Amino acid sequence: MKSSLKTFEEYFSQSVEVRMQHYEKAGRLQHVMLSHQFSIKLMEELFDIADHIKGMTRKPNGIEFLKSLLSHKKAMLYFTQPSTRTFLSFLTACQMVGMDTGEVRDPSLSSEYKGESQEDGVRVFSSYFDLIIMRDPKPGFCEYMAYLLDNTGRSVPIMNGGSGKDQHPTQALLDLYTIHRSFQHKGGISKKRYAFVGDLLRGRAVRSSVMLLSQYKDVEMDFVAPSSFQIAEDLEDILRSQNIKIRKTDDLGSVLSDVDCVYMTRLQDEYDLSGESNLIDYSQFSLTTDNVNQMKSDAIILHPLPRRHEISTEVDADPRAMYWRQLRNGVYIRAALLLYVFNVAHRLKDY
Ligand code: NCD
């Protein structure tokens, strides 16, 4: 969609609904920017593709077939904010479907160091690559890049690999995919109680996953956080307007035995303005084998990782700990998203 908004601030001040219109082309996602873009129907389609991919990677001829699907496409990974998992998971997903990749992770080694703007840099990538996957500390910045590229007339899809405190849509997808697989034979995602624990104000993974989860019928959510890091008002307003049953508490012990899923997060102290994280006793928002024992036997524990001390390593051996599986699922769902965006997922039937 062509438009003439001049600055990032001007663009980002528009409502999500308006911005979202820019990210579709011919009825399918062109840019992956916001978790709001994923309906249950689309998620289920992607879960199904991811299941297929996962099965195929167990056989050598399946691996070869997958590699043929996007061997004519190239992806640029532009990660200017620290990342291990998301970067490697996207890289592995690209390799799985045969895409060649390039990367910039340190702007001091690119022409940004010579004073080139990020806007010009992204325009260069769009000339050499068919897809840009990016992570940036500024909320909404990759949305603005997508919008600018569309206006150059030489647009390629952009995927948001994390935009500041704001959004992390592909993390949310892999979280939901893991919940889906865990509860597949236990009544599904709906009608369950989910606890989100830790720094809920600044964790973009929580923001994005809560948005996806809120679409499912009769889910209940417990937000367990220090009062200064409780979920943001705008998110709470959205959930209340959808009549979702939510509870806010700083007492993890009061909810552990009742919930079906506990989503742990670390303290996001890189966003501190004046050491406010130091005032928090984060041990209150942590899992040990002792308090995990209070959980239901078929509940699950998720964490977007990296972890610090909020889950003790002894918990890793508990069958309810799903976070290592969750990170593996990330590769399959991201590979599924690549096949979907380039509209080749239907070719899986040929295998
Ligand atoms: C998360 C992120 O970067 O937002 N990590 C990830 O992508 N797996 C969570 C975090 O950094 O705490």
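Quick note: the coordinates plus some simple rules give every number you see, no bench work behind them. Bear in mind the structure is a predicted one, so any value in this text is a computation, not a measurement. Positions of Cβ are backbone-derived with ideal geometry, glycine not excepted, and every protein chain shown enters the neighbour counts.
Helix-only estimate, please: 222 nm mean residue ellipticity of the chain, summing -39500 (n - 2.57) across DSSP H runs of length 4 or more and dividing by its residues, to the nearest 500.
Values: 12 runs with 129 residues, N = 351.
After summing the helix terms and dividing by residue count, I get -11000 deg cm²/dmol.
Given Cα pairs under 8 Å that are at least 6 residues apart, what percent is the relative contact order of the chain? All intermediate terms of the calculation are to be shown ahead of the outcome.
Details: 594 pairs, mean separation 64.4, N = 351.
Reported relative contact order: 18 percent.
Students often forget the sequence filter, so: which lysines lie under 22 Å Cα-Cα from Lys41 once same-chain residues fewer than 8 apart are removed?
Lys41 reaches Lys25, Lys54, Lys186, Lys191, Lys192, Lys217, Lys349.
How large is the dipole of the chain about the Cα centre if only Lys and Arg carry +1 and Asp and Glu carry -1, each at its Cβ, rounded to the nearest 20 debye?
On the way: 43 positive and 46 negative charges, 278 e Å.
Once rounded to the nearest 20, the dipole reads 1340 debye.
Please get the size of the charge dipole for segment 126-242, origin at its Cα centre, with Cβ charges of +1 on Lys and Arg and -1 on Asp and Glu, quoted in debye to the nearest 20.
On the way: 14 positive and 14 negative charges, 82 e Å.
Here the size comes out at about 400 debye.
What value in Å³ per residue do you get for the convex hull of the alpha-carbon atoms in segment 169-326?
Numbers: hull volume 16.6 nm³, N = 158.
That works out to 105 Å³ per residue.
Relative contact order of segment 131-188: what whole-number percent is it, with Cα pairs under 8 angstrom and at least 6 residues apart?
Values: 62 pairs, mean separation 19.9, N = 58.
RCO, segment 131-188: 34 percent.
When the convex hull of the Cα atoms of the chain is projected onto a plane and the area is averaged over all directions, what value comes out in nm²? Write out the running numbers ahead of the final one.
Details: hull surface 72.5 nm².
Convex hull of Cα atoms, orientation-averaged projection: 18.1 nm².
Which residues' amide hydrogens lie under 5 Å from the amide hydrogen of Thr265, considering only partners 5 or more residues apart or on another chain, with H built in the peptide plane?
Under 5 Å from the amide H of Thr265: Val197, Asp199.
Based on alpha-carbon centroids, what's the gap between segment 51-66 and segment 112-145 in Å, whole number please?
32 Å
Roughly how big is segment 169-326's charge dipole about its Cα centre, with Cβ charges of +1 (Lys, Arg) and -1 (Asp, Glu), in debye to the nearest 20? It would help to have the intermediate numbers written out before the result.
On the way: 19 positive and 24 negative charges, 158 e Å.
Around 760 debye, computed over segment 169-326.
Test of the criteria: in segment 68-157, which GluC sites (Glu not before Pro) are in a DSSP loop and have at most 11 other Cβ atoms within 10 angstrom of their Cβ?
Numbers: sites: Glu103, Glu112, Glu116, Glu119, Glu143; in loops: Glu116.
The qualifying sites: there are none.
So, by mean Cβ neighbours within 10 angstrom, what's the order for 329-340, 157-168, 225-236 with the highest one leading? Provide the component values of the computation, followed by the final result.
Values: 329-340: 25.7, 157-168: 23.9, 225-236: 16.1.
In descending order of packing, they fall as 329-340, 157-168, 225-236.
Per residue of segment 329-346, in order, report the coupling 6.51 cos²θ - 1.76 cosθ + 1.60 (Karplus, θ = phi - 60°) as ³J(HN,Hα) in whole Hz, putting x for Gly and Pro.
4, x, 5, 5, 6, 6, 4, 4, 5, 5, 5, 5, 4, 8, 6, 10, 4, 4
Once you have the alpha carbon radius of gyration of segment 95-212, what is it after dividing by 2.2 N^0.38 Å, with N set to its residue count?
Normalised by 2.2 N^0.38 Å, the Cα Rg of segment 95-212 equals 1.30.
I'd like to know which of Leu201, Asn61, Tyr113 lies farthest towards the positive end of the charge dipole of the chain, counting +1 on Cβ of Lys and Arg and -1 on Cβ of Asp and Glu.
It is Asn61, whose Cα lies furthest towards the positive end.
Report, by chain and number, residues whose modeled amide H sits under 5 Å from the one on Val104, excluding near sequence neighbours (fewer than 5 apart, same chain).
Amide H neighbours of Val104: Leu77, Tyr78, Phe79.
Mind listing the long-range amide H neighbours of Asp222? Cut-off is under 5 Å, sequence gap 5 or more, other chains count too, H placed in the peptide plane at 1.01 Å from N.
Under 5 Å from the amide H of Asp222: Tyr194, Ala195, Phe196, Arg247.
Tell me the trypsin sites (Lys or Arg not before Pro) within segment 189-271 that lie in a loop according to DSSP and have at most 15 other beta-carbon atoms within 10 Å. Please list the in-between numbers first.
Values: sites: Lys191, Lys192, Arg193, Arg202, Arg204, Arg207, Lys217, Arg240, Lys245, Arg247, Lys248, Arg266; in loops: Lys191, Lys192, Arg202, Lys217, Arg266.
Passing both the DSSP loop test and the Cβ count: Lys191, Lys217.
List, in order, the whole-Hz ³J(HN,Hα) value for each residue of segment 68-83 obtained from phi through the Karplus relation with A = 6.51, B = -1.76, C = 1.60 and θ = phi - 60°; use x for Gly and Pro.
Each residue of segment 68-83 in turn: 7, 5, 10, 5, 9, 10, 10, 10, 9, 9, 10, 10, 9, 10, x, 7 Hz.
Along the charge dipole of the chain, Cβ charges K/R +1 and D/E -1, which of Ser257, His346, Gln167 sits furthest on the positive end?
So the residue we want is His346.
Positive end of the charge dipole of segment 177-235 (Lys, Arg +1 and Asp, Glu -1 on Cβ, about the Cα centre): tell me which of Leu212, Pro226, Ser182 has its Cα farthest that way.
Ser182
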